[in-house]
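Engineer: One structure coming up, written as structure tokens, with questions to follow.
The values are calculated or read from the model by the stated rules, or taken from the named source; none is laboratory data. Small disclaimer: the values here were computed from a predicted structure and weren't measured. Methodologically, a virtual Cβ is constructed for each residue, glycine included, from the backbone with ideal geometry; neighbour enumeration extends over all protein chains shown. Areas reflect the complete protein model, heavy atoms only, side chains present, ligands, DNA and RNA absent. Shrake-Rupley method; radii C 1.70, N 1.55, O 1.52, S 1.80 Å.
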Amino acid sequence: AQKITQTQPGMFVQEKEAVTLDCTYDTSDPSYGLFWYKQPSSGEMIFLIYQGSYDQQNATEGRYSLNFQKARKSANLVISASQLGDSAMYFCAMREQYNFNKFYFGSGTKLNVKP
Amino acid sequence: DAMVIQNPRYQVTQFGKPVTLSCSQTLNHNVMYWYQQKSSQAPKLLFHYYDKDFNNEADTPDNFQSRRPNTSFCFLDIRSPGLGDAAMYLCATSRDRSPSEKLFFGSGTQLSVL
């Protein structure tokens, strides 16, 4: 089974609008971390936001927030007030306590912000 | 103040000619990773070092080797590159392997095989 599933290969959003990128995960480990990375066309992977499995509050970092629904095993990324520079690939990732060698990535969502 | 540095940014090699990619870090992190990423796909873990302990992924081809001579440096050696090895190679580090530790990535080396 896929550890991380991103069902939106590509998305468009209008500049200044909000957008939600979907991510679901699969684990039986009670302790895990969820991450979102941005990869512009230049190729570098840029860390955006982290959510721990025991965190009660949804994580926020500036315009990025993570909508964490533990029972549904979803960790959607919300980008508010989209900017042209947000156009990039976005990867959801997970790290487990017991399977610590692995950092699982989803297949990514390509976001295009339209002016 | 770059923290994970990969050289070169672009590398062109010939089919079958050995090539080495390098990665250095100024973070003093214990763990270093090598990922292969083909166009529009998720990064694929090749191997990682926890300190000096080498961990190879089961599906990493034997053609790929790695060295970590000290904490700061890690090398990826491709002994006989094939056309299918053309990809972006990403080096990453993390302080340790706990669930809260994020990966810090370098800017990658784009490898072309002619």
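Engineer: Just tell me which lysines come within less than 26 Å, Cα to Cα, of B:K17; anything on the same chain fewer than 8 places away is out.
Structural biologist: B:K38, B:K44
Engineer: For A:K16, list the aspartates and glutamates whose Cα falls under 15 Å from its own Cα; do not include residues on the same chain fewer than 8 positions away.
Structural biologist: A:D86
Engineer: Mind checking the per residue accessible area of chain A for me, 1.4 Å probe, whole number of Å²?
Structural biologist: I get 49 Å² per residue for this part.
Engineer: Once neighbouring chains are kept in place and the probe is 1.4 Å, which whole percent of the accessible area of chain A is contributed by carbon and sulfur?
Structural biologist: 48
Engineer: Now a separate question. Looking at chain B, send over the antiparallel percent of its DSSP beta bridges, to the nearest 5.
Structural biologist: Bridges in chain B are about 90 percent antiparallel.
Engineer: Give me the distance between the Cα centres of segment B:59-114 and segment B:2-58, rounded to whole Å.
Structural biologist: One Cα centre to the other: 1 Å.
Engineer: Taking both sides together, what accessible area is buried at the A/B interface, probe 1.4 Å, expressed in Å² and rounded to the nearest 100?
Structural biologist: 1800
Engineer: Out of the DSSP beta bridges found with both residues in chain A, what percent are antiparallel (nearest 5)?
Structural biologist: Taking every DSSP beta bridge within chain A, about 85 percent pair in antiparallel fashion.
Engineer: Using 0.36 nm per residue of separation minus the Cα-Cα distance, give me the extension gain between B:R95 and B:T26 in nm, one decimal.
Structural biologist: Taking 0.36 nm per residue and subtracting the Cα distance, the gain is 23.7 nm.
Engineer: Figure the gain on full extension for A:S42 and A:Y54 (residue separation times 0.36 nm, minus the Cα-Cα span) and round it to one decimal in nm.
Structural biologist: Result: 0.9 nm gained on full extension.
Engineer: Nearest 0.05, what FRET efficiency do B:V12 and B:S39 give at R0 = 22 Å with Cβ-Cβ as r?
Structural biologist: Between B:V12 and B:S39 the formula returns 0.85.
Engineer: For segment B:32-47, just list the computed ³J(HN,Hα) in residue order, Karplus coefficients 6.51, -1.76 and 1.60, θ = phi - 60°, integers in Hz, with x standing in for Gly and Pro.
Structural biologist: In residue order, the calculated couplings are 10, 10, 10, 10, 10, 10, 9, 3, 6, 10, 5, x, 10, 6, 9, 6 Hz.
Engineer: Just to be sure I understand the interface: list residues from segment B:67-107 that lose 50 Å² or more of accessible area between the chain on its own and the complete protein assembly, 1.4 Å probe.
Structural biologist: Those residues are B:R97, B:P99, B:K102, B:L103, B:F105.
Engineer: When DSSP beta bridges are limited to those with both residues in the protein assembly as shown, what percentage is antiparallel, rounded to the nearest 5?
Structural biologist: 90
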